[in-house]
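Enquirer: Got a structure for you, questions after.
Throughout, read-outs are computed from the coordinates displayed, never taken from laboratory work. As the structure is a computational prediction, the values presented were derived from the model and not from experiment. Heads up, the Cβs are rebuilt from the backbone with ideal geometry, glycines too, and the neighbour counts pull from every protein chain shown.
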């Protein structure tokens, strides 16, 4: 017994204990089950009558085969006259109904509705809950299987139960509920990484989704979706026709088989794009919680990877925000260079290397005659004083010489080799000792001799 849109469908089974007949064993039985419908009423349920239930007429009104003279569901053999025409009830009790679907499944012998030669078969019929008609059928075994009749070359019989209730109950095994991944692309006007009230959607952005179906480190599928006018995007494993699924637009991508429970996914967005006539770049990632912030890294546009949790578990939390591009300030680099110049040391032979300070003529005070005893000729005293006597501060050593005047002293100095050699030796000694000034002065003085 199964409920159909708050109705009850009852299946009657027979023949379960009837052995197979001479064409399939020790005997032949016919199940001849029936399929009836009951509809809700005040305080309970009301069984169909003359093919009508709950004010809705079925497929076999007035057939004289059910309560009140008719049946809601058509459950006869492929033909009602001739061979097999006596099989007015072919259902054998197995029922299955998926909530929300306007059809039901029922097991039957000889399930074909178009081929009266398809007998001693067993399979499934699909009946409409809206009209009671059979919309589809499928054979699970045929007369070859049940009795060895009309077997194709190379095929052997299986000796199934034939018409004697050769099938049990039906259990619906549904495909796993589809999963979806997606969400929104928006303009982050204040660049805070969060979706604030009034911030605009961005349409026409292509988002790439990389799917590792087995979570083994290999990308198996790469697909794309484009945001709609509301900035929304989605990819889905749903394979139903577009009219039977809830989508966001034609640019979405459906039927992605690898998008399944256990698959690892990464969403990739452009790192920059043109929006409202200007360049925008990705905003700060992970600034707040899932579903309200931006998830794409600014440098790569990639989100962190995540795993699809289970059938029907959609993940609409992968948002991407963009903010105006701001050029970085120019970078100034200071370079300091220095130049070192090494000058050769001055020599006594070059009097122009250092210019010593010459005392003012007014400060030149000649010594008294008693300071130098003229025990030798004046010319000898003058040379000795000029070459060996250390001048006092402010004194001009050139003027030293027995109280004679500058002009007289100079006129009396002999130009001998000994005097020049003595002056040169003293000048070199002073240079080596660091007294460049005195040495240069000595060299200049000798040049005046």
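Enquirer: Please arrange 236, 156, 74, 52 by how many other C-beta atoms lie within 10 Å of their C-beta, fewest to most.
Expert: On the way: 236 23, 156 9, 74 20, 52 17.
Going from sparsest to densest Cβ surroundings: 156, 52, 74, 236.
Enquirer: If neighbour count is taken as other Cβ atoms inside 10 Å, put 143, 260 in order from fewest to most. Mind showing how you got there, number by number?
Expert: Numbers: 143 22, 260 17.
Ranked by crowding around the Cβ, least crowded first: 260, 143.
Enquirer: Right, here's the next one. Just how far, in whole angstrom, is region 177-245 from region 38-60 if you go by their alpha carbon centroids?
Expert: 47 Å
Enquirer: Could you work out the relative contact order of region 110-188? I mean the mean sequence separation of Cα pairs under 8 Å and 6+ apart, divided by the number of residues, in percent. Don't skip to the end; give the middle numbers.
Expert: Details: 106 pairs, mean separation 17.3, N = 79.
Worked out over region 110-188, it gives 22 percent.
Enquirer: A follow-up question, please. For a footprinting-style exposure proxy, rank 256, 219 by other Cβ within 10 Å, fewest first.
Expert: Details: 256 22, 219 12.
Ordered by Cβ neighbours within 10 Å, fewest first: 219, 256.
Enquirer: Relative contact order for region 117-252: what percent, with Cα pairs under 8 Å and sequence separation of 6 or more? Please report the intermediate quantities before stating the final value.
Expert: Values: 214 pairs, mean separation 22.1, N = 136.
It comes to 16 percent, rounded to a whole number.
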